Amino acid sequence: MGKTLENLQAAFAGESQANRKYLAFAGRAEADGFSQIARLFRAAAAAETVHALAHLKAMDGVGDTGANLREAVAGESHEFSDMYPGFIETAKAEGNKIALRMFEWANTVEEIHCGLYQEALASYDKGGDLPEADIWVCSVCGNTVAGDCPERCSVCGVPAAKFDRID
């Protein structure tokens, strides 16, 4: 696919980032009292998701569940083993305490994600799904917990009220 594949990859990354950015913008607009502007940002974010998923499909970027789990394990492993450690060292060297905290939290959570995906892959490889359980995400650091909601986040320390149950 050559240059077209490169273009699809760049477009997927750009559309994905635009989705997240527009959702953040929507949250700010909502907090500022501009509900219709917030709605516009959410609509554009949804449209960017449509574009990103179309680009991913054109790249044959979604395999069967086993292949997707293996890719997720590899990606999360790369993030906590290779990517974030370098980011953490740079933030330390530059004295950027806010970035350092965000990178440290993300690094810890990516390792948790890797473990959760490894558990899922083990279940999948045995022909089964994961056991039924609630899944919770900390709205501050992204910590992800299967089972009961913790009283406090083990990564950033916030109370249970900051966790969202994922359907």
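Candidates [x] -0.29, -0.44; [y] -0.45, -0.61; [z] -0.41, -0.63; which is the computed log10 I(q)/I(0) by the Debye sum over Cα atoms at q = 0.09, 0.11 Å⁻¹? Matching entry in [x] -0.29, -0.44; [y] -0.45, -0.61; [z] -0.41, -0.63: [z]. Taking amide H atoms as placed 1.01 Å from N in the peptide plane, the amide H of C153 lies under 5 Å from those of V158, each 5 or more residues away in sequence or on another chain. Among V137, V109, V50, the order by Cβ neighbours within 10 angstrom, fewest to most, reads V50, V137, V109. The calculated FRET efficiency for H51 paired with I135, based on their beta-carbon distance and R0 = 35 Å, is about 0.80. Separation of segment 117-157 from segment 44-108 is 17 Å, based on Cα centroids.
With the helix formula -39500 (n - 2.57) applied to DSSP H stretches of n ≥ 4, the chain reaches a computed 222 nm mean residue ellipticity of -22500 deg cm²/dmol.
Relative to the Cα centre, what is the charge dipole magnitude of the chain, using +1 at the beta carbon of each Lys and Arg, -1 at the beta carbon of each Asp and Glu, and rounding to the nearest 20 debye?
Value, rounded to 20: 680 debye.
For K162, a cut-off of 20 angstrom between C-alpha atoms picks up these aspartates and glutamates, skipping any fewer than 8 places away in its own chain: E30, E104, E110, D134, D148, E151. With θ taken as phi - 60° and the Karplus curve 6.51 cos²θ - 1.76 cosθ + 1.60 applied, the whole-hertz 3J(HN,Hα) list for segment 50-60 is 4, 4, 4, 5, 5, 5, 4, 4, 5, 8, 6 Hz, x standing for glycine and proline. Restriction of the GluC sites (Glu not before Pro) in segment 67-167 to DSSP coil positions whose beta-carbon has at most 16 other beta-carbons within 10 angstrom yields E132, E151. Amide H contacts for D134 (H built 1.01 Å from N in the peptide plane; partners 5 or more residues away or on another chain; cut-off under 5 Å): G147. Note on K3: aspartates and glutamates with a C-alpha under 20 Å away, same-chain residues under 8 apart excluded, are E15, D60.
In sequence order, segment 89-96 has phi-based couplings of 4, 5, 4, 4, 4, 8, x, 8 Hz under the Karplus curve 6.51 cos²θ - 1.76 cosθ + 1.60, θ = phi - 60°, and Gly or Pro positions carry x.
Since every read-out is calculated from the coordinates, none of them should be taken as a lab result. Just so we're clear, the structure is a prediction, and the values are computed from it rather than from any experiment. Neighbour counts are summed over all protein chains in view; Cβ atoms, including those assigned to glycine, are modelled from backbone coordinates with ideal geometry.
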